[in-house]
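To start, the structure itself, in structure tokens.
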Amino acid sequence: MTEMAILKDAKTLEEKLAERYVNEVYRIVIKRNPGEKEFHQATREIFDSLIPLFAKYPRYMEQGILERIVEPERTIMFRVPWVDDKGKIRVNRGYRVQYNSAIGPYKGGIRFHPSVNSSIMKFLGFEQIFKNALTGLPIGGGKGGADFDPKGKSEGEIMRFTQSFMTELYRHIGPDIDVPAGDIGVGQREIGYMFGHYKRIKGAFEAGVFTGKNPTFWGSLGRKEATGYGAVYFTREMLRSKGLDLKGMTVIVSGSGNVSIYAIEKAQALGAKVVACSDSNGYIYDEKGLDLATIKQIKEVERKRIREYVNYHPRAKYREGCSGIWAIPCDIAMPCATQNEIDEQSARMLVKNGVKAVVEGANMPCTLEAIDVFINNGVLFGPGKAANAGGVAVSALEMAQNSMRLPWSFEEVDRKLQEIMKRIYRQCINASEEFGYPGNLMIGANISGFRKVADAMIIQGVV
Ligand code: NDP
């Protein structure tokens with residue numbers, strides 16, 4: 001059981017008691033969820049961060065909050081049968097983890113990727129609870145998905161699969177119950193199919209049951225951009241605290257999906273030079289700065305591989321494999337693809353090349369060992385649950401607009417997003433200072449997100 005090295009060695013008696021408690025609960029987690037390594041990793045990170053909180057406020061231990069919060073309120077697992085273009089019957093497995101509803105209806109994306117399993121669903125759902133609390137908006141935590149691989153599937157196959165997925169999921173969700181959105185492999189197109197099918201089954205136009213909808217049927221303007229833009233706004237706050245500015249900085253953004261594309265767009269708009277991005281096959285390096293219009297054309301319009309970029313811009317280089325991207329010298333690294341894409345070795349490479357800030361656009365893209373490397377080397381580290389919370393924050397704004405039946409302009413949503421990201425940053429910094437780890441945004445994010453939910457759970461009794 002590896003504890004994170006970033007916690008202080010010399011501990012007070014209260015901290016030792018808190019540490020013993022956290023380790024006991026962690027042991028139960030391991031025993032109850034065997035082999036779920038991503039889930040173990042996410043709980044380890046959060047549990048360790050909470051030791052200073054429990055030492056100062058033992059009531060959270062007395063109320064058994066950790067034991068309760070780590071157990072999902074409900075997990076739904078279901079068969080998703082569908083017929084491919086050749087007439088063959090295929091079967092996938094669908095999930096929805098309804099993790100915590102202490103401060104609002106369950107809220108979290110749906111992921112379609114062959115790696116989806118119970119461990120990945122639970123790690124994402126668990127993190128989502130605290131991320132959602134950090135936004136200051138009334139949303140609980142959840143996550144869902146299927147081990148379906150959208151790559152190489154026709155439009156018709158995607159639609160049939162998505163409709164079959166919804167044929168089961170519809171009975172578990174609703175605007176005041178559980179509100180899904182997109183994630184890896186699920187964008188506006190898939191949300192459109194899910195919403196259409198839900199509407200058909202329910203016989204009612206319940207706009208607030210999904211977020212990330214197309215704006216033609218009550219999707220919020222600015223939702224598509226929100227996670228990437230939000231991560232860059234968060235980066236700006238981190239840099240400001242050190243008297244730095246994005247202008248002129250060299251940036252690497254991994255992935256080339258929804259989060260990456262809009263992180264690149266905002267970073268460029270604020271004067272940074274983004275030199276590399278990737279997909280699951282490889283990465284492109286364009287020393288003079290990436291041409292985003294080309295990336296959008298390849299990824300959003302043609303849905304092709306990122307290697308195509310060099311056909312448009314022969315000066316750029318394409319390399320097979322993903323981890324090599326972190327060997328490119330940069331000031332700011334934004335992992336925006338998937339979990340555990342930066343390991344200890346990649347982290348050391350980034351540090352050696354003088355990286356100033358690492359900001360997680362994806363969920364848990366850095367391993368625990370990589371985070372230790374950054375923090376121990378004085379690199380500014382923006383944890384995903386704070387840095388990428390802009391997406392779910394604008395989802396909550398979409399829910400508000402749907403309830404009012406009134407849309408806001410792009411500018412209004414973007415202004416609110418900027419305020420929210422600033423507020424999240426301040427909360428993290430304040431908590432990091434209050435609990436003796438000034439500037440450690442990971443500890444700050446975990447403590448302040450946890451506290452909000454824990455306080456609500458205490459007030460609501462044994463739930
Ligand atoms: P997309 O599906 O739009 O894009 C994902 C990108 O990551 C693609 O370029 C994909 O490449 C790449 N990728 C996926 N799996 C791997 C892998 N195993 N190795 C390397 N690259 C991979 O997803 P999003 O942009 O929506 O999500 C990206 C991350 O951000 C996820 O961790 C997600 O949970 C997180 N996130 C997303 C939010 C949102 O609003 N969308 C909100 C908050 C967090 P390829 O095309 O080859 O698969």
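The values are calculated or read from the model by the stated rules, or taken from the named source; none is laboratory data. Model, not experiment: these values are computed from the prediction. As a convention, Cβ positions derive from the backbone with ideal geometry for all residues, glycine included, and neighbour counts pool all protein chains shown. Please note that ligands, DNA and RNA were not included when accessible areas were found on the heavy atoms of the full protein model with its side chains. Shrake-Rupley method; radii C 1.70, N 1.55, O 1.52, S 1.80 Å.
Brief remarks follow.
- Under Karplus coefficients 6.51, -1.76 and 1.60, residue-wise ³J(HN,Hα) of segment 255-270 in Hz, glycine/proline x: x, 8, x, 4, 5, 4, 4, 7, 5, 4, 4, 6, 4, 5, 4, 8
- Calculated from backbone phi, Karplus (6.51, -1.76, 1.60) coupling profile of segment 116-124 in Hz, x at Gly/Pro: 4, 8, 5, 5, 5, 4, 6, 5, 5
- Each residue, H313 and F217, gets one label point 7 Å from its Cα in the Cβ direction; the gap between the two is 3.6 nm.
- Net charge dipole, segment 106-165: roughly 140 debye, given to the nearest 20, about the Cα centre with Cβ charges of +1 for Lys and Arg and -1 for Asp and Glu.
- Antiparallel content of DSSP bridges confined to the chain, in %, to 5: 55 percent
- The listed residues D331, D85, D343, once ranked by accessible area (1.4 Å probe) with the largest placed first, stand as D85, D343, D331.
- Rolled with a 1.4 Å probe across the full set of protein chains, the surface gives K151 an accessible area near 100 Å².
- Selected from G141, Y285, A181, residue furthest toward positive end of dipole (the chain; charges at beta carbon): A181
- Kirkwood-type radius of segment 33-157, with distances r between different C-alpha atoms, in Å: 16.1 Å
- Figure note: R96, R223, R348 ranked by solvent-accessible area, largest first, 1.4 Å probe, ligands and nucleic acids not counted: R348, R223, R96.
- The portion of the accessible surface of the chain made up by carbon and sulfur, rounded to a whole percent, is 51 (1.4 Å probe; DNA, RNA and ligands excluded).
- Extent along principal axes [Cα atoms of the chain; Å; largest to smallest]: 64, 53, 43
- Inter-label distance, nm, simple model (7 Å from Cα along the C-beta direction), V301/L13: 7.0 nm
- Most positive-pole-ward Cα, P34, L50, L13, against dipole of segment 5-51 from beta carbon charges: P34
- Computed from the C-beta positions of A293 and E419 and an R0 of 30 Å, the FRET efficiency is 0.55 to the nearest 0.05.
- Assigned charges on the beta-carbon of Lys, Arg, Asp, Glu; the chain dipole about Cα centre (debye): 740 debye
- Our note on the geometry: Cα centres of segment 196-225 and segment 54-91, 24 Å apart.
- Take the Cα of K153, go 7 Å toward its beta carbon, and the backbone nitrogen atoms of segment 191-228 under 20 Å from that spot belong to 191-201, 210-214.
- When the trypsin sites (Lys or Arg not before Pro) in segment 365-463 are filtered for DSSP coil states and for at most 13 other beta-carbon atoms within 10 Å of their beta-carbon, the remaining sites are R405.
- Each residue, D85 and R32, gets one label point 7 Å from its Cα in the Cβ direction; the gap between the two is 4.5 nm.
- One decimal place: the segment Q188-L270 gains 26.9 nm when fully extended, by the rule 0.36 nm per residue minus the C-alpha distance.
- Potential lengthening between R59 and D343 on full extension [0.36 nm per residue; Cα-Cα distance subtracted]: 98.7 nm
- For R74, the residues whose amide H sits under 5 Å from its own are Q98, ignoring neighbours fewer than 5 places away on the same chain, with H placed 1.01 Å from N.
- Solvent accessible area, Å² - I184, 1.4 Å probe, full protein context: 50 Å²
- Karplus-derived HN-Hα couplings along segment 178-187 (A = 6.51, B = -1.76, C = 1.60, θ = phi - 60°), whole Hz, x at Gly and Pro: 7, 10, x, 9, x, 6, 4, x, 10, x
- Size of charge dipole - segment 163-305 - debye, nearest 20, with Cβ of Lys, Arg +1 and Asp, Glu -1, no other charges: 180 debye
- With DNA, RNA and ligands ignored, accessible area of W408 (1.4 Å probe; Å², nearest 10): 50 Å²
- Here segment 256-300 and segment 99-172 have alpha carbon centers that stand 26 Å from each other.
- Remark: accessible surface ordering of D183, D279 (largest first) is D183, D279, probe radius 1.4 Å.
- Solvent-accessible area per residue for segment 149-198 (1.4 angstrom probe, square angstrom): 37 Å²
- Once Rg and the Kirkwood radius are both taken over the C-alpha atoms of segment 202-339, their ratio Rg/Rh works out to 1.03.
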